[in-house]
1. Before we move on, is Gly189 surrounded by 23 or more Cβ atoms within 10 Å (Cβ to Cβ) and outside the structural domain of Trp30 (by TED's automatic domain parsing)?
2. Only one of Ala129, Ala205, Ala144 is under 9 Å from the mean Cα position of the chain (by Cα), outside the structural domain of Gly29 (by TED's automatic domain parsing) and surrounded by 21 or more Cβ atoms within 10 Å (Cβ to Cβ). Can you tell me which?
3. Restricting attention to region 120-139, report how many residues are polar (S, T, N, Q) and in contact with a His (Cβ under 8 Å, 6 or more places away or on another chain).
4. Is at least one residue of region 176-185 surrounded by fewer than 22 Cβ atoms within 10 Å (Cβ to Cβ) and of a type outside the set (S, T, N, Q)?
5. Just checking, which of Leu210, Leu136 is at pLDDT 85 or above and within 23 Å of Leu94 (Cα to Cα)?
6. Residues Pro92, Pro133: which one is in contact (Cβ under 8 Å) with a residue 40 or more places away in the chain and in a helix (DSSP H, G or I)?
7. Which residue out of Trp113, Trp166 is at pLDDT 90 or above and either crowded, with 22+ Cβ neighbours inside 10 Å or in a helix (DSSP H, G or I) (or both)?
8. Among the residues of region 116-125, are any assigned to a helix (DSSP H, G or I) and under 24 Å from Thr38 (Cβ atoms)?
Amino acid sequence: MGQEWMVWIWLPVTVLVYLGADNLQERSGWLLLQPMLTSVLVLVVLVLLSHQTVATYHKATEPLIWVAGPLTVGMAVPLFRERQRILEAARPLLLTLIPGSLLASASAFVLAWGFHLGPMIQRAYLTRAISLPFCLPVAALVHAPQGLAAVIVGISGVIGGIAAPWLLATRVSAPACGVAMGLAAHGIGTAVALRQGARMGAYAALGMMLNGVLTSLWLPWLWRIISRH
């Protein structure tokens with residue numbers, strides 16, 4: 001009975017904790033209070049105090065995973081509003097995204113290889129810079145642990161969401177900042193960019209989506225070629 005009750009309670013608790021964390025950062029303005037990071041820390045404590053298993057929590061919050069795809073598609077709304085400017089900047093965008101996509105995966109893989117983290121972990125790091133809806137199928141195609149790949153994507157998004165506004169906001173234009181945040185910090189970076197402004201959020205969504213599609217195309221293909229040798 002207790003387990004069944006927790007299955008019902010964890011979903012609203014997760015939503016409320018995130019909304020509270022989001023409100024806390026908005027009021028304080030502290031970059032370190034990134035809502036995703038704060039939410040995870042609070043929820044870990046709550047799960048431990050409840051003496052429930054991670055499997056119970058995962059089962060209870062599965063609907064949040066189901067809506068990740070539609071929410072990603074919903075990013076098309078700010079893109080549509082900025083469509084004219086985006087079309088005008090198509091060439092520099094492509095010239096940025098192609099090397100950016102390659103470097104985002106290659107740099108993470110090289111670091112994992114340099115620290116001798118093992119083949120499975122190295123493969124998981126290849127998916128570091130793509131959002132979760134793209135990450136899981138790509139991880140399966142390169143035979144990487146999907147759970148580990150999702151954790152790496154989440155951590156990199158949190159770090160990017162904290163660091164990007166501090167590193168970029170006063171140095172580059174809103175479109176350039178948005179593309180960089182979407183490409184490097186995917187969903188979390190896009191959420192942070194949207195808070196900075198609709199235009200920056202639109203370009204972040206574009207960077208996240210195009211990088212996800214581009215990486216999903218070249219990474220499995222290149223991995224198959226490498227694995228044959």
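The values are calculated or read from the model by the stated rules, or taken from the named source; none is laboratory data. The structure displayed is predicted, hence computed values, not measured ones. Glycine also receives a Cβ, built like all others from the backbone with ideal geometry; neighbour counts cover every protein chain displayed.
1. Judged against the criteria, Gly189 is a match.
2. Ala129
3. Residues flagged as polar (S, T, N, Q) and in contact with a His (Cβ under 8 Å, 6 or more places away or on another chain) within region 120-139 amount to 1.
4. Scanning region 176-185, I find at least one residue that is surrounded by fewer than 22 Cβ atoms within 10 Å (Cβ to Cβ) and of a type outside the set (S, T, N, Q), so the answer is yes.
5. Criteria check complete, one pass: Leu210.
6. Pro133
7. Checking each option against the conditions leaves just Trp113.
8. no
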